[in-house]
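Below is one structure, written out as structure tokens, with a few remarks after it.
The values are calculated or read from the model by the stated rules, or taken from the named source; none is laboratory data. Everything quoted here is computed from the prediction, not taken from an experiment. Here the Cβ positions follow ideal geometry from the backbone for every residue, glycine too, while neighbour counts run over all protein chains shown. What goes into the accessible areas is simple: the full protein's heavy atoms, side chains included, and nothing from ligands, DNA or RNA. Shrake-Rupley method; radii C 1.70, N 1.55, O 1.52, S 1.80 Å.
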Amino acid sequence: MGTSSSFTGPEKNPLLPEDFDDNSWQNTKTEFGKFLNSTGGNPSRLFGKFVKASGGHASLAKSATGGKAGFIGLVDLFNHINTVGLLQTLSDFRISSEGKSLVEIISELAGQISPKGSTKEESVARQATLDTMSSFYMVVEESGLGIEQLDSISGEVFDDLLCEYFVNYITGLLLKDLGYGVEKFVDDPSKLAAKEQDLRDYVDAKIYVLLKNSELNQDPRSIVNQVFNATMEIVGGNYE
């Protein structure tokens, strides 16, 4: 969560549509303050109002250019590993493993598939991708398999990693817009971390079944728009 400045308002926010409803945006900020203060706000209303203030789920999904790029990059990578194994994938990505630690190798892979981060939305997507690849590193590390032996990613792990990506991305979008001036509401870092985890848990609970049923291990370009529309709609709830 950022704490460098107070709320700046939607007029400086490139994630919001030009025809944003200022009242909706103010309601969203008010809900965020209540949520942080534990004075009646909750993740369901907060995300619902955020999606509405952002122009609705379809508008938010359409503007997710970096988010979609990160999703496609991750699915392409995981599908590639399932087809030829990790070692050949590294070769295909022109990454040498010689003399490098596992974390260095995964970091190079992450750098290749992550959005550039040149816009506000892309920066959220880039961080979401990097964080998801950090979890992939932990999967590889905990498997006990070397680079030469890891030749597939189970369907459950595949879905879990993609679900984490969406949690990272959607929560990141909200916090990028609203996570300023939070010291007005909560000045304890541990409480802020707990509040952020509440947001992440909410998104995870809303989208997990949807993503599990979306057959994500296919050509991501054929499903990306549908998946983003569906996830934004279910997170936004009935507030539009």
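List the GluC sites (Glu not before Pro) within region 99-198 that DSSP assigns to loop and that have no more than 11 neighbouring Cβ atoms inside 10 Å.
Within region 99-198, the qualifying GluC sites (Glu not before Pro) (loop, at most 11 other Cβ atoms within 10 Å) are 148.
Can you pull the Kirkwood radius for the chain, inverse mean 1/r over Cα pairs, to one decimal in Å?
In the chain this quantity evaluates to 18.7 Å.
Specify the angular offset, from 0 to 90 degrees and rounded to the nearest 10, of the alpha carbon long axis of helix 189-212 from the longest principal axis of the alpha carbons in the chain.
Here the helix axis deviates by roughly 70 degrees.
Between 0 and 90 degrees, rounded to the nearest ten: what's the tilt of helix 120-143 against the longest Cα principal axis of the chain?
So the helix axis and the longest Cα principal axis differ by about 40 degrees.
Going from most exposed to least, what order do 97, 134 have by accessible area with a 1.4 Å probe?
Sorted descending by solvent-accessible area, the residues read 134, 97.
Roughly how many Å² is the accessible area per residue of the chain, as a whole number, for a 1.4 Å probe?
Normalised by residue count, the accessible surface of the chain is 47 Å².
Sort out for me the Cα centre separation of region 26-42 from region 77-118, rounded to whole Å.
Using only Cα atoms, the two centres lie 41 Å from each other.
Can you compute the helix-only [θ] at 222 nm over the chain? Use -39500 (n - 2.57) per DSSP H run of at least 4 residues, normalise by all residues, nearest 500 deg cm²/dmol.
About -21500 deg cm²/dmol.
Explain nothing, just the number: dipole magnitude of the chain about its Cα centre with +1 on each Lys and Arg Cβ and -1 on each Asp and Glu Cβ, in debye rounded to the nearest 20.
Rounded to the nearest 20 debye, it is 720 debye.
What's the angle, to the nearest 10 degrees (0 to 90), between helix 155-178's Cα axis and the longest principal axis of the chain?
30 degrees
In the chain, carbon and sulfur make up what percent of the accessible area (probe 1.4 Å)?
46 percent
Treating only the Cβ atoms of Lys and Arg (+1) and Asp and Glu (-1) as charged, compute the dipole magnitude of region 136-240 about its Cα centre; round to the nearest 20 debye.
Roughly 400 debye, rounded to the nearest 20.
Enumerate the lysines that residue 116 could reach by cross-link, defined here as Cα to Cα under 23 Å, with residues fewer than 8 away along the same chain left out.
Straight-line reach from residue 116, under 23 Å: 12, 62, 68, 176.
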